[in-house]
Amino acid sequence: MTTSPKRIALIIASTRTPRLGPAIATIAAEIIIPRLPPHWTLDLVDLMQHPLPLFTADPIIPAGLRQPVAADAYADPATNAWSALVRAHDAFVFLTPQYNWGYPAPLKLALDALYHEWAAKPALVLSYGARGGNKAAAQLRQVLEGLHMRVCARGVQLPFGKGHDLGGGVISKETDARWRAEDKKEEVIAAWEELVGLVNAVAPVADAPSHAHAPSAPAPAAATPAPPAADESSDPSKTGDRKAKPLDKLAAVFQRSTHRPPRDH
Ligand SMILES: Cc1cc2nc3c(=O)[nH]c(=O)nc-3n(C[C@H](O)[C@H](O)[C@H](O)COP(=O)(O)O)c2cc1C
């Protein structure tokens with residue numbers, strides 16, 4: 001099967017320290033990367049690396065911009081960079097915690113900073129929290145639909161195990177055991193396959209690269225040199241190791257984030 005190149009972004013929505021987001025993103029990436037169709041890439045987009053202005057003197061309402069959105073459409077350079085990044089991606093996996101029954105403010109800011117850039121692109125919601133972040137996921141889905149994204153019917157909710165340290169930033173043994181018992185890996189696989197189907201459902205534009213309108217897209221995290229993975233298995237329990245450096249491990253996982261088809265194909 002031949003497929004055109006696609007870039008998918010895995011967005012980490014939590015920006016606090018410590019945080020669980022990178023450890024769960026590692027698990028998700030280890031499940032998704034081996035299942036990337038030919039010529040597809042998974043990029044890590046950590047909102048901590050993309051701060052956007054909370055206060056702006058920009059009179060522009062993103063929905064009011066002409067399409068295609070120009071590279072300098074916004075007053076703030078950070079917003080223009082964010083716009084380029086989102087334009088450069090064909091679909092998004094949102095990984096969000098639940099904060100007080102909602103999703104984190106930096107994610108809302110990142111969504112509201114743009115409008116047309118999100119439209120018609122497929123989105124998958126992965127959430128976590130004491131009960132799997134179900135309320136945050138529901139709110140996020142509603143907002144993504146308001147942005148005219150095509151949201152996967154399947155989402156994955158990752159509930160913490162008994163005694164999980166909510167503030168600790170580490171996946172506990174109990175939580176890991178619960179995810180295994182509830183076959184969360186299979187849920188992620190099924191949801192990912194749905195996202196792939198939504199991406200493939202878009203008719204390709206003749207003779208146009210999928211990112212022709214995003215010349216200044218920032219380099220994805222996958223391009224960043226990183227140390228070799230200490231453990232390259234997809235065993236979620238390894239990610240819960242308190243000694244592991246979650247960001248190092250995450251970077252190592254994303255070094256392998258482009259599907260390379262076998263040579264004889
Ligand atoms: C401000 C705040 C509010 C929270 N509210 C909820 C909540 O409503 N429901 C829940 O299950 N967990 C809640 N938690 C616990 C988080 O799910 C837990 O801290 C998780 O690790 C947050 O993700 P992060 O570490 O990636 O930021 C909250 C945590 C914070 C920091």
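Annotation: the residues Val86, Val143, Val93, sorted from fewest to most other C-beta atoms within 10 Å of their own C-beta, follow the order Val143, Val86, Val93.
Sorting Ser172, Ser257 from the fewest to the most surrounding beta carbons within 10 angstrom yields Ser172, Ser257. Using a simple spin-label model with pseudo-atoms 7 Å out from Cα toward Cβ, Ala63 and Glu194 lie 2.6 nm apart.
Here the Kirkwood formula, the inverse mean of 1/r across different C-alpha pairs, assigns region 17-144 a hydrodynamic radius of 15.9 Å.
Compared with the direct C-alpha span, the chain from Arg154 to Ala119 gains 10.7 nm at full extension, assuming 0.36 nm per residue.
Electrostatic bookkeeping for Gln139 treats Lys and Arg as +1 and Asp and Glu as -1; over the other residues with beta carbon under 12 Å from its beta carbon, the sum is +2.
In plain terms, the residue of Glu187, Glu145 with the fewest other Cβ atoms within 10 Å comes first and the most crowded comes last, giving Glu145, Glu187.
Between the C-alpha center of region 4-40 and that of region 92-128 there is a gap of 14 Å. For Asp165 and Arg180, the difference between the fully extended length at 0.36 nm per residue and the C-alpha to C-alpha distance is 3.6 nm.
Pairs of Cα atoms nearer than 8 Å and 6+ residues apart set the relative contact order; for region 1-83 it is 32 percent.
Since every read-out is calculated from the coordinates, none of them should be taken as a lab result. Everything numeric in this text was worked out from a predicted model, so none of it was measured. Because the Cβ atoms are built from the backbone with ideal geometry, glycine has one as well, and the counts that use them run over all protein chains shown.
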